[in-house]
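Contents: one structure, followed by commentary.
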Amino acid sequence: MNKVYAFLLSLALTAGSIACKHDADPVTPDTPGNTPDQPQTRPGKVCPVGTLLGEATTTTIGPAGGKLVSADERLTINVPAGAVETNQAFSVQPITSTGPQALGTGFRLAPHGVTFKKPITITVRYDPNHLDGTVAEALALAYQTDKGVWRLAAKGRVDTTAHTVSVETTHFSDWAVLERALLAPGVGFVKLGGNMGLEVRVLSTNLVVPMTNEEDVPEPYESPSTVVDYSSWKLIGVGQLVPAAFKALYYAPATAPARNPVAVTIKLNGPTVIDGKPYGELWLVSNIYVGDDGITYRINGGNWVNMKVTQGCQLMSTPKGPMLMMTGGGMDNGNPVGVTILQLNPPIDPTGVDFGTIGGVSQAWQLGEAGLQFQLSDQGGGRLYVHYYRVGKDPYPSPGAFTISQFGKVGEPVTGKFELGKAGIIYPGQEALGTTARIEGFFRVTRTK
């Protein structure tokens, strides 16, 4: 039994023996049945310049053309022959994206102040699993002007097969992918018997793809908008939904639903053809997890079990860097259960941030002491589920991920979800890990450190 395993086991058993500011801000709908006013013209929103997140990736490209790929391989710049007349230094550097409803980080592209002789293609990959509350067809590339306003670029293209957004440009600036339509929150967390508000936010007056004209990005509309069908609100699952134009209020049931999360959807209006190709209806979807505070999980689709996290979510200093830890405990069928989730150097801002508009920040389960780790103690410690499994003697991390949707400041909520497609099972005295189980869950825990 290695040190990490022993440490996790002791934490989980301790939590089991214990038996252990908010869901999305409530929105008060207008009187149901009200129809939205006509859309209004709004000025572009002046936003701060993004801050640097890492080192620049650079290369020299001459008249023959070339290519530059960002360090995370998310962005690619294709420079055609004849775009520059002499050798030119090109660079891409990750930045915080200040664009309204930005998807992920932005990019600072150089050289600045140069007008290219031929259009250069910028292509950004998106993760289809991180489109909570939006759809790929609503994505668009935008750049920040010298005045600080983000501008949606014309003639951008979305490839839903390759999962890319691309555009041609003759100049460089700070660039980012924005969500032109969003049902917020894309992922929500509400207590049993509680309620939460939802609303549709849009950035532009149409969803034509590709866009024919550039548009300055305003403060996200809290609607009205002609691109949304306000009569199409639907609830998939239990509870009650009270819609009112571009807003709705969801009332959760008093007991945990078998289908968790429930889904709230609304349809987009728009063209029947995108980039010359027909498409079906486009629906924005918000997934709402219903349960008490703490960590809630189920194994192989069984009953949901809630565990209290009395010490809260902690971001602690260690000699190897900051460590995120949540330890919960409770009872399941009369037996104590406990769970521990921990990660060294988590990719989060300790000052607190809401990741809701980008579908959360996900991390895969990993082998080794430095990776993201999970352990669930079941049957009073008689059975353990861990974040890895074995094929023969070889260990493999469980497929799945741990996703943080909101990481509040101390005293505020930390929310998210997790899934282990193949959690290894350990019984006392053996660690074969050849048998696996599927574990899914979500959490809403107050941050204490």
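Some points to look at:
- Among the conditions (1) assigned to a strand (DSSP E or B); (2) out of contact with any Leu (no Cβ under 6 Å at 6 or more places or on another chain), GLY380 misses just one, which is (1).
- Counting only strands (runs of 3 or more DSSP E) wholly contained in segment 92-152, the ones carrying 3 or more residues that are under 25 Å from ARG42 (Cβ atoms) and not hydroxyl-bearing (Ser, Thr, Tyr) occupy 139-144, 150-152.
- Within segment 57-70, the set of residues being surrounded by 14 or more Cβ atoms within 10 Å (Cβ to Cβ) and not in a strand (DSSP E or B) comprises GLY62, PRO63, GLY65, SER70.
- Looking only at residues of segment 254-269 that are outside any strand (DSSP E or B) and surrounded by fewer than 15 Cβ atoms within 10 Å (Cβ to Cβ), we find that the one that is nearest to the chain's Cα centre (by Cα) is ARG259.
- Candidates GLY441, GLY411 - the one that is under 26 Å from the mean Cα position of the chain (by Cα), modelled with pLDDT of 90 or more and in a loop (DSSP other than H, G, I, E, B): GLY411
- Residue within segment 132-151 that is modelled with pLDDT under 90 and under 26 Å from VAL414 (Cβ atoms) present: yes
- Whichever residue in segment 71-83 is surrounded by 12 or more Cβ atoms within 10 Å (Cβ to Cβ) and at pLDDT below 95 and, among such residues, is farthest from THR205 (Cα to Cα): ALA71
- Entry remark, segment 20-70: residues being touching a Gly at 6+ places or on another chain (Cβ under 6 Å) and either at pLDDT 50 or above or farther than 27 Å from PHE407 by Cβ (or both) number 3 in total.
- Any hit, segment 279-289, residues being of a type in the set (Asp, Glu), more than 24 Å from GLY186 (Cα to Cα) and not in a strand (DSSP E or B): no
- ALA83 vs. criteria small (Gly, Ala, Ser) and over 17 Å from GLU219 (Cα atoms): yes
- Segment 103-127, residues that are farther than 14 Å from LEU68 by Cβ and either in contact with a helix residue (DSSP H, G or I) (Cβ under 7 Å, 6 or more places away or on another chain) or hydroxyl-bearing (Ser, Thr, Tyr) (or both): LEU103, GLY104, THR105, THR115, TYR126
The values are calculated or read from the model by the stated rules, or taken from the named source; none is laboratory data. These figures come from a predicted structure and were not determined experimentally. Please note: Cβ atoms are built from the backbone with ideal geometry, for glycine as well, and neighbour counts cover all protein chains shown.
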